[in-house]
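Colleague: Please see the structure below; I have some questions.
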Amino acid sequence: MATALCPGSFDPPTNGHIDVIERASRYFDSVVVAVIANPSKEPLFSLEQRSDMLRDALTHVDNVEIASFDGLLVDFARDRDLGVVVKGLRAISDFEYELQMAQMNSNLSPGLDTMFMTAKPEWAFLSSSLVKEVARYGGSIDGLVPPGVAKALQGAFPTP
Ligand code: PNS
């Protein structure tokens, strides 16, 4: 059984994240989405909210599990016996950091591989940070995030 590990902050999940997870679920027998409990940047949404938003947006995908972790990704991967990390790449700017992380992870845990999936062009400009910024100032995030996430953002940044 090949299982893909899709880790991230998901603060909040965007349609770009959901697309990569959905596509990974077609290539792998199963996918474990690992939500980091305490990202380096203080999250807007709690771990429970971020996990629920992912669960909600992925109800139509049978072979996906939403899990969480704290500390090093390699430790989570080892505990769960997962050997392949799958991450989305939007641009060359992502690649530099992602490559560094992939190589550090492989150094910490030889045998842990990282595969990159290119973002679909329609989601390539999307990021959780930008979505939060647009929502904070009352801009439209229609079609950029799953409906549950749009609702949560409206709750976090109510329009006057
Ligand atoms: O959604 P993000 O912010 O791009 O996710 C980054 C994440 C959570 C996957 C990455 O920061 C991570 O794996 N953090 C766990 C700590 C860790 O293992 N650090 C060393 C990686 S080289």
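Colleague: What single numbered condition from (1) within 17 Å of the chain's Cα centre (by Cα); (2) in a helix (DSSP H, G or I) fails to hold for MET117?
Modeller: (2)
Colleague: Let me ask something else. Would you point out which residue out of SER30, SER9 is over 20 Å from GLN103 (Cα atoms), in contact with a strand residue (DSSP E or B) (Cβ under 9 Å, 6 or more places away or on another chain) and at pLDDT 95 or above?
Modeller: Values: SER9 fails: over 20 Å from GLN103 (Cα atoms).
When all the criteria are applied, what remains is SER30.
Colleague: Here is a list of conditions, (1) among the basic types (Lys, Arg); (2) open to solvent by 90 Å² or more (accessible area, probe 1.4 Å); (3) at pLDDT 95 or above; (4) near the ligand (Cβ under 10 Å from one of its atoms), and LYS41 meets all of them except one; can you say which number that is?
Modeller: Result: LYS41 passes all but (3).
Colleague: Read through the list (1) open to solvent by 80 Å² or more (accessible area, probe 1.4 Å); (2) touching a residue at least 12 places away in the same chain (Cβ under 8 Å); (3) closer than 29 Å to HIS60 by Cα; (4) more than 14 Å from the chain's Cα centre (by Cα), then give the number of the only condition that ARG90 fails.
Modeller: Checking ARG90 against (1) open to solvent by 80 Å² or more (accessible area, probe 1.4 Å); (2) touching a residue at least 12 places away in the same chain (Cβ under 8 Å); (3) closer than 29 Å to HIS60 by Cα; (4) more than 14 Å from the chain's Cα centre (by Cα), the one that fails is (4).
Okay, residues lined up against (1) under 17 Å from the mean Cα position of the chain (by Cα); (2) at pLDDT 95 or above; (3) part of a loop (DSSP other than H, G, I, E, B); (4) closer than 18 Å to LEU58 by Cα:
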position: PHE125; (1), (2), (3), (4): yes, yes, yes, no
position: LYS132; (1), (2), (3), (4): yes, yes, no, no
position: ALA135; (1), (2), (3), (4): no, yes, no, no
position: GLY139; (1), (2), (3), (4): no, yes, yes, no
position: VAL149; (1), (2), (3), (4): yes, yes, no, yes
position: GLN154; (1), (2), (3), (4): no, yes, no, no
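Colleague: Also: Looking for whichever is within 14 Å of the ligand (Cβ to nearest atom), basic (Lys, Arg) and either touching a Phe, Trp or Tyr at 6+ places or on another chain (Cβ under 9 Å) or closer than 20 Å to VAL145 by Cα (or both) here; the options are ARG50, ARG78, ARG23, ARG55. Which one fits? Show your work before the answer.
Modeller: On the way: ARG78 fails: either touching a Phe, Trp or Tyr at 6+ places or on another chain (Cβ under 9 Å) or closer than 20 Å to VAL145 by Cα (or both); ARG23 fails: within 14 Å of the ligand (Cβ to nearest atom); ARG55 fails: within 14 Å of the ligand (Cβ to nearest atom).
Going through ARG50, ARG78, ARG23, ARG55 in turn, the sole match is ARG50.
Colleague: Would you confirm whether or not region 12-24 contains a residue that is without any contact (Cβ under 8 Å) to a residue 60 or more places away in the chain and more than 24 Å from ILE141 (Cα to Cα)?
Modeller: No, the conditions are met nowhere in region 12-24.
Colleague: How many residues does region 116-143 hold that are closer than 25 Å to GLY83 by Cα and within 14 Å of the ligand (Cβ to nearest atom)?
Modeller: The qualifying residues number 3.
The values are calculated or read from the model by the stated rules, or taken from the named source; none is laboratory data. On a predicted model such as this, the values are computed, not experimentally measured, just so you know. With ideal geometry, Cβ positions are generated from the backbone for all residues, glycine too; neighbour counts draw on all protein chains shown. Areas reflect the complete protein model, heavy atoms only, side chains present, ligands, DNA and RNA absent. Shrake-Rupley method; radii C 1.70, N 1.55, O 1.52, S 1.80 Å.
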